Amino acid sequence: MRGPSTFLKVMGLVGFIFLYAPIISLVVYSFNESKLVTVWGGFSTKWYVELFRDPQILEAAWVSLKIAFISATLAIIIGTVASFVLIRFKKFRSKALLSMMITAPLVMPEVIIGLSLLLLFVAMENLIGWPSGRGMLTIIIAHATFGSAYAAVVIQSRLVDMDLSIEEAALDLGAKPLRVFFDITLPIIAPALMSGWLLSFTLSLDDLVIASFVSGPGASTLPMVIFSKVRLGVSPDVNALATIIIGIVSLGIIVAALQMNRGKKNG
Amino acid sequence: MNRAPDIESKLPAGQFIGRILNRFGFRGRGLVIAIPTLWLLVFFLIPFLVVAKISLSEAAIARPPYLPIWEWSDGFLSFSFNFGNYMFLFEDPLYLSAYMESVKIAGVATIIALLLGYPMAYLIARSAPNTRNLLLMLVILPFWTSFLLRVYAWIGFLKSNGIINNFLMSMGVIDEPFVMLQTDFAVYVGIVYTYLPFMILPLYANLVKLDPSYLEAASDLGARPIVSFFTVTLPLSMSGIIAGCMLVFIPAVGEFVVPALLGGPDTLMIGSILWNEFFSNRDWPIASAVAIVMLFVLVVPIMLLRRAQAAEQEAAS
């Protein structure tokens, strides 16, 4: 087969510059001495110092990390069970409904998900007194719900690829279905669980719209604080924060890619 | 094999859950189905019914700020549906033009994303396997970094004294800065930028499966590359195109962050209207009606997406 043509290469280059130029500018200007974000005033790390002295940002980052950790864990449980049921179980009555509900959050505009969940929480509070008030708990439930949709995409594709004969062999040898699941299926799909968990974790850390709807006083997540800051204009400490996040993510992805490569070579 | 007996003891969790299920007389299967189904029913589907209900109620200064639509009085259940919120949406030109504007902006942004994303997806699919994985990773990486921060980065690019204007002025191309921030142009840039990976990934998944022998056959029969692209590649990738376009279009219609940060006061998008009705005006019934009408606008695109995804799955198996 012929390689890609020059036209494709040029278009690809333009596309990748478009994707990366803003990210690179964030990193570069986070080391800028000048307060004017777009004028270069010399190298400085003062915005990082300022960032770590800002109690509001640190507090919000801690809240966000806790929410992301718990909601990603919940999301992976719901996502795994939903994927297993959809891929492995023969027809059951609510199959079409479940399949619709697990994919729909992927494309639903965030404002609609946020509004509908908030109205549900308010209605439930009036009806049964739970959840009383809104805050971390309601954000966790909201994030677990849309995180499970993303987790299910990753896990379903792994379950489809997985060799059925191993599970069948265990069942033929008399293992109970639950034991087969915990002993055989779960270890085999573990990498997918890991990437699904990371995906839900990142999405939760990143979400502004849904959290703004379902949060209450006292539970401001990191994106909510960033949004209120950047709405007033550019601020260099946000650049510093962005650089830290980009650094962690790139490192994580590079490590994951190396791990996967090594796995392929050994396998 | 001699380790088989202690697998039982290694699995306390599985055993424990199993024992509880048996005690309550559950056939395991039903319960396993029930866990995700109930969760999603309560926290995804029922909320839409609540929105529908509140869109039919009347706003009030109360906690929560709306009146109930049913009431028990003298042993009778009386309903009072209020369609006024929907009437209001269709009478006030603000809402109608915001819906049209959102569909227009999302539509144009989708086409731009397709024109930019298709060649990128095609390039990745035609590259050698090693380059392919690297390029794919480069497409996915921005998706993992904060979406809010990436939109914020464009403020520094598009401002009057921003990077683009500074560059053009120092080159002497322009004397006065272009006004780009707080215009529809900035909103298009922001939407294309944030949703480009959603366009590239399904297109790539489709194009990488394309059998090169079709193209060879076309070229053997004398078709020029451009002709075989339009007669072979493009039609075969149609379900990938539809899937990618809908994955961009549907969330873009309800987009809030991009118009809030990059758009100006004239940028009317329905996501921002809903946000303002809810947070600034505290009119929950109107916000609910706005959401319900938005869902109706999105029904056809969502059905198109499901059909395209089903076609893709069929092709894969």
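The values are calculated or read from the model by the stated rules, or taken from the named source; none is laboratory data. None of the values given here were measured: they were computed from a predicted structure. Note: ideal-geometry Cβ built from the backbone for every residue, glycine included; neighbour counts use all protein chains shown. Heavy atoms of the whole protein, side chains included, go into the accessibility calculation; ligands, DNA and RNA do not. Shrake-Rupley method; radii C 1.70, N 1.55, O 1.52, S 1.80 Å.
Scanning residues 5 or more positions from B:A60 or on other chains, those with amide H under 5 Å from its amide H are B:Y66, B:L67, with H placed 1.01 Å from N in the peptide plane. Taking only the Cα atoms of region A:189-265, the radius of gyration and Dmax are 16.3, 52 Å. Interface residues of region B:97-141, defined as a loss of at least 50 Å² in heavy-atom accessible area between the chain alone and the complex of all protein chains with a 1.4 Å probe, are B:L116, B:P119, B:M120, B:L123, B:R126, B:M137, B:L141. Shown in residue order for region A:244-259 are the 3J(HN,Hα) couplings computed by the Karplus curve 6.51 cos²θ - 1.76 cosθ + 1.60 at θ = phi - 60°: 4, 4, 4, x, 4, 5, 4, 4, x, 5, 5, 4, 4, 5, 4, 4 Hz (x for Gly and Pro).
In nm, what is the difference between 0.36 nm times the number of residues separating B:L168 and B:I111 and their Cα-Cα distance? Extending this stretch completely gives an extra 17.8 nm.
Of the solvent-accessible surface of region B:217-269, computed with a 1.4 Å probe and all protein chains present, 69% belongs to carbon and sulfur.
Computed with a 1.4 angstrom probe on protein heavy atoms, the A-B interface buries about 8400 square angstrom of accessible area in total. Accessible surface calculations at 1.4 Å, restricted to protein heavy atoms, place chain A at 47 Å² per residue. Which of the residues in region A:77-91 show a loss of at least 30 Å² in accessible area from their chain by itself to the complete set of protein chains, at a probe of 1.4 Å? Buried by 30 Å² or more upon assembly, which counts only protein chains, are A:I78, A:V81, A:F89. Note on region A:108-207: the C-alpha convex hull projects to 8.5 nm² when averaged across all orientations. For region B:153-253, the spread of Cα positions along the three principal axes, ordered from largest to smallest, is 55, 34, 17 Å. Counting only protein heavy atoms and a 1.4 Å probe, chain B has 51 square angstrom of accessible area per residue.
Note that chain B shows a convex hull volume over its alpha carbon atoms of 276 Å³ per residue. Each residue of region B:242-259 was assigned a 3J(HN,Hα) from its phi angle through the Karplus expression (A = 6.51, B = -1.76, C = 1.60, θ = phi - 60°), giving 5, 4, x, 4, 6, 5, 8, 5, 4, x, 5, 4, x, 4, 10, 5, 4, x Hz with x at Gly and Pro.
At full extension, A:V160 and A:K66 could sit 30.6 nm farther apart than now, given 0.36 nm per residue minus the alpha carbon distance.
FRET efficiency for the pair B:F229 and A:A256, taken as 1/(1 + (r/R0)^6) with r the Cβ-Cβ distance and R0 = 25 Å, rounds to 0.10. Estimated translational diffusion coefficient (Stokes-Einstein, Kirkwood radius over Cα pairs, 20 °C, 1.002 mPa s) of chain A: 99 µm² per second. Here region B:110-166 and region A:68-90 have alpha carbon centers that stand 30 Å from each other. Across region B:115-159, the fraction of Cα-Cα pairs farther apart than 16 Å, rounded to a whole number, is 53%. Within the accessible surface of chain A, defined with a 1.4 Å probe on protein heavy atoms only, the carbon and sulfur portion equals 69 percent. Which of the listed residues, A:V153, A:L86, A:G135, is farthest toward the dipole's positive end in region A:47-154, when Lys, Arg count +1 and Asp, Glu count -1 at the beta-carbon? My answer, from the dipole projection, is A:L86. Shown for region A:108-143: residues covered by the partner protein chains by 50 Å² or more of accessible area relative to the chain by itself (probe radius 1.4 Å), namely A:M108, A:P109, A:V111, A:I112, A:L115, A:S116, A:L119, A:L120. Over chain B, Cα pairs under 8 Å with separation of 6+ residues give a relative contact order of 23 percent. When the P(r) of region B:137-207 is calculated, the portion above 19 Å amounts to 47% of the C-alpha pairs. A Cα-only calculation for region B:175-218 places Rg and Dmax at 18.6, 55 Å. Dividing the radius of gyration of the alpha carbons in the protein assembly as shown by their Kirkwood radius gives 0.98 for Rg/Rh.
Largest accessible area first, the residues B:K209, B:K159, A:K176 order themselves as A:K176, B:K209, B:K159 under a 1.4 Å probe with ligands, DNA and RNA left out.
For region B:201-249, the equivalent ellipsoid derived from the Cα gyration tensor has semi-axes of 24, 11, 6 Å, listed largest first. Using a probe of 1.4 Å on the protein chains alone, the accessible area found for A:L203 is around 30 Å². Computed on the Cα atoms alone, the convex hull of region A:1-144 gives a volume of 238 cubic angstrom per residue. Distant-in-sequence amide contacts of A:N32, defined by a placed amide H-H separation under 5 Å and a gap of 5 or more residues or a different chain, comprise A:S44.
Take the Cβ atoms of B:A60 and A:I24, set R0 to 45 Å, and the FRET efficiency comes out at 0.30.
Phi angles of region B:112-129 translate, via the Karplus equation with coefficients 6.51, -1.76, 1.60 and θ = phi - 60°, into HN-Hα couplings of 4, 4, 5, 5, 7, x, 4, x, 5, 4, 5, 4, 5, 5, 8, 6, 5, x Hz per residue; Gly and Pro are given as x.
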